[in-house]
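S.K.: Can you read through this structure? Questions will come right after.
Read the figures in this text as sums done on the coordinates, not as results from a lab. This is a predicted model, so every value here is computed, not measured. So basically every Cβ, Gly included, is an ideal-geometry build from the backbone, and we count neighbours across all protein chains shown.
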């Protein structure tokens with residue numbers, strides 16, 4: 001049985017938050033009918049970047065693991081989908097009339113590599129989009145966290161991984177397309193539906209919404225409290241008998257899977273993927289979204305990705321030094337808004353209060369829970385339904 005010590009607030013159904021979220025979702029749902037095709041595509045991309053930022057917030061904002069490698073997970077998922085779309089390019093668009101992608105022909109390959117050939121099938125490509133980044137994250141996470149590496153050393157390792165994989169993907173041009181990456185891919189088609197423009201936008205909107213809602217649910221649960229407790233006092237949690245490394249590996253792997261799906265959806269939207277998204281520069285950009293939006297808020301990184309993407313789009317029309325503008329914004333936030341943009345939201349607003357996580361009483365200690373016991377909100381909902389059916393039965 002799960003025991004929650006005194007001082008931990010049990011989750012309730014957030015009616016106002018759900019209403020507000022529903023209105024915002026509806027606005028985004030009809031947005032393609034109000035803006036042009038370019039803005040629809042841009043917002044789709046920024047929503048994916050927002051989902052990527054949320055995945056980093058789970059490991060940095062809640063667990064205290066600063067990572068510059070989330071661009072790596074994003075790109076691995078993107079390459080899995082890119083291979084599928086490239087291998088299913090129509091014969092009319094395939095310049096060479098063979099099964100090999102054009103960049104493989106240019107580099108002298110005569111046969112499709114065995115580790116790429118299965119990606120011609122959609123179910124395998126979908127599994128690879130999720131499992132490849134998740135498995136890679138699990139492996140490196142196992143070595144990092146089981147070795148009890150912490151703090152800035154984890155950050156250095158993720159920087160090294162990002163740099164090493166960037167070099168590897170560029171050097172293996174025959175298999176990855178080199179610096180150019182994989183371009184000129186087919187349109188994603190499922191059940192006779194071409195996923196372009198509006199319908200792809202809606203798929204991305206639903207995915208980002210599910211990531212946000214799922215992450216909120218997880219962080220409101222007992223598992224979320226354990227992750228925050230690890231962030232605040234890892235040694236204390238270890239003394240209480242928790243396997244801290246297992247929790248870190250779990251959230252690290254889950255975060256990588258989310259990033260991989262975001263990368264997979266990025267490819268049919270933008271029709272390419274390249275090692276640019278493996279590089280440290282892109283990983284740093286994801287960190288900036290979380291920092292400016294507000295660590296540990298979930299909504300903040302999503303808002304920051306949307307706003308900074310629009311700022312970048314506007315600034316590029318004026319100057320090529322748009323990074324300077326983003327740098328100034330980051331400096332302002334670090335100096336004057338340590339809680340990010342979400343720190344500007346007045347605390348008296350009930351919606352803002354609902355975004356805050358339940359806070360354990362310091363005098364009571366932290367919660368006691370089994371490893372995967374993170375379904376407290378679901379338990380409350382089930383209890384409510386059971387009570388309702390019980391009352392109905394007594395009336396009869």
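S.K.: Once a ≥ b ≥ c are taken as the square roots of the eigenvalues of the Cα gyration tensor of the range 17-79, is the result rounded (a/c under 1.5), prolate (a/b larger than b/c) or oblate (a/b not larger than b/c)?
M.R.: It comes out oblate by the Cα gyration axes.
S.K.: Computed FRET efficiency, Cβ-Cβ of residue 307 and residue 183, R0 35 Å: what is it to the nearest 0.05?
M.R.: 0.75
S.K.: What order, most packed first, do the peptides 111-118, 54-61 have when packing is the mean number of other Cβ atoms within 10 Å of each residue?
M.R.: Going from most to least packed, we get 54-61, 111-118.
S.K.: Normalized C-alpha radius of gyration of the range 15-379, against 2.2 N^0.38 Å?
M.R.: Relative to the rule-of-thumb radius for its length, the range 15-379 sits at 1.02.
S.K.: Label the range 17-161 by shape, choosing from rounded, prolate and oblate, from the square roots a ≥ b ≥ c of the eigenvalues of the Cα gyration tensor; if a/c is under 1.5 it is rounded, and otherwise prolate applies when a/b is larger than b/c, oblate when it is not.
M.R.: oblate
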